[in-house]
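K.L.:
My structure is below; once you've seen it, I'll send some questions.
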Amino acid sequence: MLETTERVFRKVWEMACYAGFLTGREAARLMLPRGRGNIFFTGTTAGLRGGAGYTAFASAKFGLRAVAQSAARELGPKNIHAPIWSSTPGSTPRGCASGSRSGRARPHSPISIRGG
């Protein structure tokens with residue numbers, strides 16, 4: 001945190017959170033007339049817990065996770081799914097990952113957050 005400039009913080013947030021919002025919104029607008037679709041957001045362990053030296057990245061990924069969860073709840077009833085994709089094993093709450101007996105995500109497995 002002490003080494004992170006305001007400019008770096010803002011740029012990381014723009015790339016990791018704001019860009020996800022803009023992309024997701026525009027994708028949803030294209031999918032609505034079709035009545036279905038999937039918008040995949042990329043999650044990381046940093047989106048679940050911060051770490052020393054990762055203030056900008058962790059806060060942006062926390063924010064993107066909130067964007068994805070809100071999108072899933074808003075768009076799910078419209079048959080547009082917005083899962084969080086995490087490639088970090090064990091980075092999801094127990095029982096959220098599909099296809100895993102242990103309840104932990106496997107590398108490259110989608111983690112759905114259902115709307116509703």
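K.L.:
All but one of (1) under 24 Å from I80 (Cβ atoms); (2) touching a residue at least 24 places away in the same chain (Cβ under 8 Å) hold for R29, so report the exception by its number.
P.N.:
Result: R29 fails condition (2) only.
K.L.:
Further question on the same structure: I'm trying to understand the selection: among the residues of segment 60-70, which are out of contact with any Cys (no Cβ under 8 Å at 6 or more places or on another chain) and surrounded by fewer than 24 Cβ atoms within 10 Å (Cβ to Cβ)?
P.N.:
Passing the criteria: F62, R65, A66, Q69, S70.
K.L.:
Taking segment 33-57 only, how many residues are modelled with pLDDT under 90 and among the basic types (K, R)?
P.N.:
1
K.L.:
Any idea which of (1) more than 14 Å from F57 (Cβ to Cβ); (2) part of a helix (DSSP H, G or I); (3) out of contact with any helix residue (DSSP H, G or I) (no Cβ under 6 Å at 6 or more places or on another chain); (4) not polar (S, T, N, Q) is the one L2 doesn't satisfy?
P.N.:
If we test L2 against (1) more than 14 Å from F57 (Cβ to Cβ); (2) part of a helix (DSSP H, G or I); (3) out of contact with any helix residue (DSSP H, G or I) (no Cβ under 6 Å at 6 or more places or on another chain); (4) not polar (S, T, N, Q), just (2) comes out false.
K.L.:
Step by step: first the residues of segment 58-98, then only those that are assigned to a loop (DSSP other than H, G, I, E, B) and of a type in the set (A, V, I, L, M), then the one that is modelled with the highest pLDDT. Which residue is that?
P.N.:
For segment 58-98, the residue satisfying everything is A82.
K.L.:
Could you list, in sequence order, all residues of segment 25-57 that are assigned to a helix (DSSP H, G or I) and of a type in the set (D, E, K, R)?
P.N.:
Once the filter is applied, which keeps residues that are assigned to a helix (DSSP H, G or I) and of a type in the set (D, E, K, R), segment 25-57 yields R25, E26, R29, R34.
K.L.:
Tell me which of these R73 doesn't satisfy, since it passes every other one: (1) touching a Cys at 6+ places or on another chain (Cβ under 8 Å); (2) surrounded by fewer than 21 Cβ atoms within 10 Å (Cβ to Cβ).
P.N.:
Checking R73 against (1) touching a Cys at 6+ places or on another chain (Cβ under 8 Å); (2) surrounded by fewer than 21 Cβ atoms within 10 Å (Cβ to Cβ), the one that fails is (1).
K.L.:
Pick out the one residue from G24, G53, G37 that is surrounded by fewer than 14 Cβ atoms within 10 Å (Cβ to Cβ), of a type in the set (G, A, S) and either more than 15 Å from S86 (Cα to Cα) or touching a residue at least 60 places away in the same chain (Cβ under 8 Å) (or both).
P.N.:
Exactly one residue qualifies, and that residue is G53.
K.L.:
Just give me the residues in segment 9-21 being among the aliphatic types (A, V, I, L, M) and within 18 Å of I84 (Cβ to Cβ), in sequence order.
P.N.:
Correct list: M15, A16, A19.
The values are calculated or read from the model by the stated rules, or taken from the named source; none is laboratory data. This one's a predicted model, so the numbers in the text were calculated from it and none came from an experiment. Because the Cβ atoms are built from the backbone with ideal geometry, glycine has one as well, and the counts that use them run over all protein chains shown.
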